[in-house]
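Since every read-out is calculated from the coordinates, none of them should be taken as a lab result. Not measured: the values here are computed from a predicted model. Glycine gets a Cβ as well: all are built from the backbone with ideal geometry, and neighbour counts include every protein chain shown.
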Amino acid sequence: MTIKNYCFIILLVPFFSCTGQTRWDSYADEKGEFKIEFKGKPSVKTAPQQFPFANVTWTITIVDKPDKNNLSYLVKYADFPVNIISSDSLQLLQEFFIFTQADLSPTLGETGLDNINLKQVQKYPGREFRWIDRPNKLGYTRRTFLVNNRLYFLEVKYNIENDFNNDIEGFLDKFTLIKKLDNTNPEITAEKPIKKFEANFPGKTKTRDNPTFHELFGNTYAMLEAYETPKDQIDLPATKNIMYGVNYVNLPAVKLKTVSTEQVRAFVTKAFTDNIKNQSNGKILFQKEINLNGYWGIEGQGTMINGMVVMHLRSFIVNDYYYQVIVMCKNGAQNNKEALNFLNSFKLKKE
């Protein structure tokens, strides 16, 4: 299998997808007040569930016949007591959304949770969870939304080698509410970071923004600017590098005042090591501390995608901004002139 058939995990932001579009059939649940699209006709059932604080009944709509990309597609919803939780309970939202993952978190643990992203539907709060079950070679991408006191739970299940196929987001992104006005009390999200750097990309770039959540900093907003080598050139012997990117985040100033320098540096280091070891099942080739104009950072290389690709990363903390400068190259071609020129071209703009 060639490199161009794979997807890349770019630390905070999944940027590229791999497979073609799939045709979907529209589905609407008037009682559940939502609509979505399934591939094929779904089955519908109800199932009670007992919690320490309440008994609820789930309405479950599912297609569990595997297709070429995924194993199942699911939407379920249940109404929780208003005195327990609602979308206005802004201080309790993160704890409640984590609670919705109780079926996987005890068995897969912290290393199984690949990412948490912030999501909204008509300004109602939500989260996206990406889980990896390595022993069983399975992946789960889930989105949960709290609309008043109703919890919607969406899931796509797939084989782990097929993560980031287009049909995952193709299904999840089609979920919409019906008979609902926009939420008038939305969860506060982080502001988009401003581009304060310069870098010499080898061609026209694309950008991707992604609201995220981190236990140390809370709500953040990640931006990725990247150039991807054209797919018809990736397998050419002359091609050494596959992607060039800069990922940047404006860390909340209020949170930075409450954490130590050691905690911030541990956060940056863990982002690199987790991406290589836990998310990519790769090997760290080297890692060291560096600086940019006196600002602390780390540099490292690690294998990804079954050892076929090496990620060369430089990360910096510049006041309240977190930068990741990335080159993805073919294994054996790391430290090539073009990769180093790009990494060295990264400079901060003068304010």
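When the trypsin sites (Lys or Arg not before Pro) in the range 30-85 are filtered for DSSP coil states and for at most 15 other beta-carbon atoms within 10 Å of their beta-carbon, the remaining sites are LYS31, LYS68.
Taking a straight Cα-Cα cut-off under 14 Å and skipping sequence neighbours fewer than 8 places away in the same chain, the aspartates and glutamates within cross-link reach of LYS257 are ASP320. For the range 197-348, the calculated P(r), taken from all Cα-Cα distances in 5 Å bins from zero up to the bin holding the longest distance, is 2, 9, 18, 22, 21, 16, 8, 3, 1, 0 percent.
Run through every distinct alpha carbon pair of the range 53-130 and return the Kirkwood hydrodynamic radius in angstroms, one decimal place.
On the way: mean 1/r = 0.0678 Å⁻¹.
About 14.7 Å for the range 53-130.
By the scheme Lys and Arg +1, Asp and Glu -1, what is the net charge of all other residues having a beta-carbon under 15 Å from that of VAL264?
Net charge around VAL264: 0.
Its alpha carbons considered, the range 31-177 gives a radius of gyration followed by a Dmax of 14.9, 43 Å. The charge dipole of the chain, taken about its Cα centre with unit charges on the Cβ atoms of Lys, Arg (+1), Asp and Glu (-1) only, comes to about 580 debye. Look at the dipole of the chain built from charges on Cβ: of PHE342, PHE80, ILE188, the Cα furthest out on the positive end belongs to PHE342.
Of the residues VAL259, SER105, VAL56, the one whose Cα sits farthest toward the positive end of the charge dipole of the chain, with +1 on the Cβ of Lys and Arg and -1 on the Cβ of Asp and Glu, is VAL259.
Could you calculate the contour length gain from SER105 to GLU338, that is, 0.36 nm times the residue separation minus the distance between their Cα atoms, to one decimal place in nm? Show your work: numbers first, answer last.
Details: separation 233, 0.36 × 233 = 83.88 nm, distance 4.19 nm.
Stretched fully, the SER105-GLU338 segment lengthens by 79.7 nm.
A 25 angstrom limit on the alpha carbon distance is what I want to check against. Which of LYS35/LYS157; LYS240/LYS277; LYS283/LYS330; LYS240/LYS350 exceed it? Let's see the in-between values first.
Numbers: LYS35/LYS157 20 Å; LYS240/LYS277 23 Å; LYS283/LYS330 14 Å; LYS240/LYS350 32 Å.
Exceeds cut-off: LYS240/LYS350.
Considering only LEU108, LEU154, LEU224, the Gaussian network model of the chain with Cα springs below 10 Å gives its largest mean-square fluctuation to LEU108. When you restrict to C-alpha pairs under 8 Å that are six or more residues apart and normalise by the size of the range 31-177, the relative contact order lands at 25 percent. Of the two radii for the chain, the radius of gyration is 0.98 times the Kirkwood radius, both from the alpha carbons; that is the Rg over Rh value.
In percent, how large is the relative contact order of the chain, given Cα pairs closer than 8 Å and 6 or more residues apart?
Details: 702 pairs, mean separation 49.5, N = 351.
Once divided by the residue count of the chain, the mean separation gives 14 percent.
Computed per residue of the chain from DSSP H runs no shorter than four, each worth -39500 (n - 2.57), the mean residue ellipticity at 222 nm is -4000 deg cm²/dmol.
Couplings 3J(HN,Hα) of the range 261-277, computed from phi: 4, 4, 5, 5, 5, 5, 4, 5, 5, 5, 4, 6, 5, 5, 4, 7, 7 Hz, in residue order, whole Hz [Karplus 6.51 cos²θ - 1.76 cosθ + 1.60, θ = phi - 60°; x for Gly and Pro]. In this structure, the amide hydrogen of LEU104, modeled 1.01 Å from its nitrogen in the peptide plane, lies closer than 5 angstrom to no residue at least 5 positions away or on a different chain. Between amide H atoms placed 1.01 Å from N, distances below 5 Å from VAL147 occur with TYR152, all of them 5 or more places distant or on a separate chain.
Can you give the longest stretch of the chain with no exposed loop site, where a site means chymotrypsin sites (Phe, Trp or Tyr not before Pro) in a DSSP loop (not H, G, I, E or B) with at most 16 other C-beta atoms within 10 Å? Could the numbers behind the result be given before it?
Working: sites that count: TRP24, PHE53, PHE346.
It runs 54-345.
With 18 Å as the limit on Cα-Cα distance, the pairs of LYS123/LYS174; LYS195/LYS255; LYS119/LYS174; LYS204/LYS231 that go past it are LYS195/LYS255.
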